[in-house]
Amino acid sequence: MIDLVIRHINLPDGTRDVDIAINGGRIVEIGPHLAVKGRQEESHPGCLATPPFVDSHFHMDAALSLGQPRLNQSGTLLEGIRLWNELKPELTVEAIKQRALELCQWSIVRGTLAIRSHVDICDDRLLAVEALLEVRQMMKPYLDLQLVAFPQDGYFRCANAAQNLRRALDKGVDVVGGIPHFERTMAEGARSIRALCELAAERGLRVDMHCDESDDPLSRHIETLTYETQRLGLQGRVTGSHLTSMHSMDNYYVSKLLPLMREADIQVVANPLINITLQGRHDDYPKRRGMTRVKELMQAGVNVAFGHDCVMDPWYSLGSHDMLEVAHMGLHVGQLTGVDEMRRAFAAVTTNGARALGLDDYGLEAGKPADLVILQAANPIEALRLRPQRLLVIRHGQIIARTAPAVPELLLQEGTQPVDFSRDLL
């Protein structure tokens, strides 16, 4: 007798109609018609089991703060930054915690059990750091929360950012962040990358930079980030987030840049919902999409993950922290409509995100922690199409969220009949 058996489900690799046996918080066996008995058994024929969704780039300290102190009337990145700076003096640890904990509940029921959140360290009080460190501990039984020390106003541009960032790391923040394109000059931006990467190497930490979040094709801080990664031996531990300027770079320069990024094992995080909303604001027509070159990066062998970035905050008024919505948008904007490309879009919110965050103990394999989500869809492509119900969310072998299957009914004169949107063709 073991703890839990989930019967008759499909796997992301195309395997169908298998059972998953779970005991002691770990997956003990996966296979067809397992001859085991569970103290608890769940049967979901034809539904998809996937590892949990991963949000590789988020700002939890600002989440759900929409309208404080006012709404972003222009919808632009710079007005959002101004709004956040207006709100910062009014922030309290308890208010940040309350919003963050509510957001975590949204995440859990949607099957997102790993989040990397940037936390602003340019407030000398470090209130957001204190709040999110507490949230990280409180949520540890339910999700993995990585925190990035993020100098929102610029590492050199903000007077106390350097000492605040070190203070945040000393308190237990996990990752070194930066925003080189927001420094006063390109040279200062490059100097910030060098200093921050050296700090990460000194402390044995990962790096995640807001890098080239701009429409300017000459914003090329990713080149410097790639160089410093190689120089300091940080391969595989450095993430370039956004990289929206790559959308506007000329093809010759990109042809040089892509193999350098692959050689340095740079991780890339695109944020489809936010990148296409905030970028291209100075364009008339045609308007640039603004999202980085996801397809070309993937083709070059660079690990690309997707992030939600914002939910109901000064930069983005929408969102529900549904990573399938993010992947759905990324697929369309990036024209990832080939069969293999659609599967890669699903991986961008699951396995690719886990790799970017360094989550080694992740995946649907015997011996791994029993962290998984059961979706009301037959395969990853159908999940992207339908953005279906999360029937079960399981953490360390315990069901922590359950949603009833969606069964729409069509009301016709001759009677009621169910409507089935599934088309398991791929």
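The values are calculated or read from the model by the stated rules, or taken from the named source; none is laboratory data. None of the values given here were measured: they were computed from a predicted structure. Glycine also receives a Cβ, built like all others from the backbone with ideal geometry; neighbour counts cover every protein chain displayed.
Name every residue in the range 341-378 that is in contact with a Phe, Trp or Tyr (Cβ under 9 Å, 6 or more places away or on another chain) and of a type outside the set (Val, Ile, Thr), in order of residue number. The answer is ALA345, ALA348, ASN352, GLY353, ALA354, ARG355, LYS368, PRO369, ASP371.
State whether one or more residues within the range 56-69 are out of contact with any Pro (no Cβ under 8 Å at 6 or more places or on another chain), among the charged types (D, E, K, R) and assigned to a helix (DSSP H, G or I). No, every residue in the range 56-69 fails to be out of contact with any Pro (no Cβ under 8 Å at 6 or more places or on another chain), among the charged types (D, E, K, R) and assigned to a helix (DSSP H, G or I). Assess whether LEU336 counts as being closer than 23 Å to GLN105 by Cα and modelled with pLDDT of 95 or more. For LEU336, the condition - closer than 23 Å to GLN105 by Cα and modelled with pLDDT of 95 or more - is not met.
Please determine whether any residue of the range 158-168 is under 30 Å from MET246 (Cα atoms), in contact (Cβ under 8 Å) with a residue 40 or more places away in the chain and in a helix (DSSP H, G or I). Yes, there is a match, as at least one residue in the range 158-168 is under 30 Å from MET246 (Cα atoms), in contact (Cβ under 8 Å) with a residue 40 or more places away in the chain and in a helix (DSSP H, G or I). The set of residues from the range 295-347 being among the small types (Gly, Ala, Ser) and at positive phi comprises GLY301, GLY319.
May I ask you to say which residue of GLU102, GLU86, GLU79 is over 25 Å from SER320 (Cβ atoms) and among the acidic types (Asp, Glu)?
Numbers: GLU102 fails: over 25 Å from SER320 (Cβ atoms); GLU79 fails: over 25 Å from SER320 (Cβ atoms).
Residue meeting the stated conditions: GLU86.
Restricting attention to the range 216-268 and to residues that are part of a loop (DSSP other than H, G, I, E, B) and touching a Gly at 6+ places or on another chain (Cβ under 6 Å), the residue that is farthest from ILE179 (Cα to Cα) turns out to be ASP265.
Condition check for ASP55 on (1) surrounded by fewer than 18 Cβ atoms within 10 Å (Cβ to Cβ); (2) in contact (Cβ under 8 Å) with a residue 24 or more places away in the chain; (3) at negative phi; (4) touching an Asp or Glu at 6+ places or on another chain (Cβ under 9 Å): one failure, at (1).
For the range 125-146, the condition holds for at least one residue, the condition being that it is over 25 Å from VAL238 (Cα atoms), surrounded by 24 or more Cβ atoms within 10 Å (Cβ to Cβ) and touching a helix residue (DSSP H, G or I) at 6+ places or on another chain (Cβ under 6 Å). Determine, yes or no, whether ARG289 is out of contact with any strand residue (DSSP E or B) (no Cβ under 9 Å at 6 or more places or on another chain) and either surrounded by fewer than 24 Cβ atoms within 10 Å (Cβ to Cβ) or in contact (Cβ under 8 Å) with a residue 24 or more places away in the chain (or both). When the stated conditions are applied, ARG289 passes them. All conditions in (1) on the phi > 0 side of the Ramachandran plot; (2) touching an Asp or Glu at 6+ places or on another chain (Cβ under 6 Å) hold for GLY415, with the sole exception of (2). I'd like to know if the range 280-301 contains one or more residues that are part of a loop (DSSP other than H, G, I, E, B) and among the hydrophobic types (A, V, I, L, M, F, W, C). Looking through the range 280-301, at least one residue is part of a loop (DSSP other than H, G, I, E, B) and among the hydrophobic types (A, V, I, L, M, F, W, C).
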